[in-house]
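Q: Pasting a structure here, questions to come.
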Amino acid sequence: MYDTNRRVENAVTPKDIKIQARKVQVFYGDKHALKDVDVDILDKTVTAFIGPSGCGKSTFLRCINRMNDTIPIARVEGEILLDGEDVYDRRVDPVQLRAKVGMVFQKPNPFPKSIYDNVAYGPRIHGLSRNRAELDGIVEGALRGAALWNEVKDRLSEPGTGLSGGQQQRLCIARAVATSPEVLLMDEPCSALDPIATAQVEELIEELREQFSVVIVTHSMQQAARVSQKTAFFHLGNLVEYGDTDDIFTRPKDSRTEAYISGRIG
Ligand SMILES: Nc1ncnc2c1ncn2[C@@H]1O[C@H](COP(=O)(O)OP(=O)(O)OP(=O)(O)O)[C@@H](O)[C@H]1O
């Protein structure tokens, strides 16, 4: 039914595991939004989170780079290990963590600054360059990495907000990529884009996974099937099923997954 991204993946060894979630629970006040989530997310792999609205996909995504810290009523329990280190350890600085675990949101949200300054923002606050020439190099590299360089190289001082929606989303990807992240979290990154811009971002995701782990929340099962190698299906706060994308879409083990992918729940 779905055209999955069939590439032969090598057998998984522990060193391929980038993120380990153990018994992760999230509460918003009294609401128990995420229940006992255990999952291993692989390096250099695209993992899709799918499931009906309100099932906890974005909540779990936001646990990984501690964006839930910014929601006063949110409480997170359990462990999320990035390369074996708990991201909720008191010694972890969330700002440093978010440079390593970048995020792209549903609606493109460039800063009200120039194209150049949008991309240079992270490298500047994290002191990643010693001089302007180095910073120029990082900005160019990130814009090339986000497949935007050729479209903007002659207008770097113009506002990022003046770009088209698809270009703005690739600018946000360049901004995230500029701090050389190890993981990129994408929360419905194409939902505000037209089909052409969506195809460009999907192509980009395929390139980015050569460098790091990409986790994408999507409502489009076709998109999950096209871009991901692993898929996690969430339902009512539970991670119901996780496995190879091909298996989830063609041979789901759980009746709830089967019902969702065949359009009977959602
Ligand atoms: N800031 C918040 N305050 C209170 N409750 C919240 C908050 N964010 C999410 N929730 C609740 O937590 C549950 C999970 O929401 P979440 O946004 O993670 O789901 P989702 O699967 O990403 O949904 P969607 O696909 O609609 O974006 C929902 O019941 C939602 O109402």
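Q: Using a Förster radius of 25 Å, what is the FRET efficiency between Ser53 and Glu207 based on their Cβ-Cβ separation? Nearest 0.05, please. Numbers along the way, then the final one.
A: On the way: r = 30 Å, r/R0 = 1.19.
Working from the Cβ atoms, E equals 0.25.
Q: If you don't mind, another one. With charges set only on the Cβ (+1 for Lys and Arg, -1 for Asp and Glu), what does the dipole of the stretch 114-255 come to about its Cα centre, in debye to the nearest 20?
A: That gives a dipole near 340 debye.
Q: Ok, one more. Listing Phe249, Phe234 from the residue with the fewest other Cβ atoms within 10 Å to the one with the most, what is the order?
A: Ranking Phe249, Phe234 by Cβ neighbours within 10 Å, fewest first, gives Phe249, Phe234.
Q: From zero up to wherever the largest Cα-Cα distance of the stretch 196-266 sits, split into 5 Å bins and tell me the percent of pairs in each.
A: Percent of pairs per bin, in order: 3, 15, 27, 25, 14, 11, 5, 0.
Q: Using only the alpha carbons, work out the radius of gyration and Dmax of the chain in angstrom.
A: Gyration radius and largest Cα-Cα distance of the chain: 18.3, 57 Å.
Q: Principal axes first, then extents: for the Cα atoms of the stretch 123-232, list largest minus smallest coordinate on each axis, whole Å, largest first.
A: 44, 28, 19
Q: Rounded to the nearest 500 deg cm²/dmol, what is the calculated helix-only ellipticity per residue at 222 nm for the chain, with -39500 (n - 2.57) per DSSP H run of length n ≥ 4?
A: The helix contribution divided over the chain gives -9500 deg cm²/dmol.
Q: For Tyr28 and Phe111 in one chain, what is 0.36 nm times their gap in residues minus the Cα-Cα distance, to one decimal in nm?
A: 27.0 nm
Since every read-out is calculated from the coordinates, none of them should be taken as a lab result. Since we're looking at a predicted model, the values are computed, not measured. Positions of Cβ are generated from backbone atoms using ideal geometry, with glycine treated the same way; all protein chains shown enter the neighbour counts.
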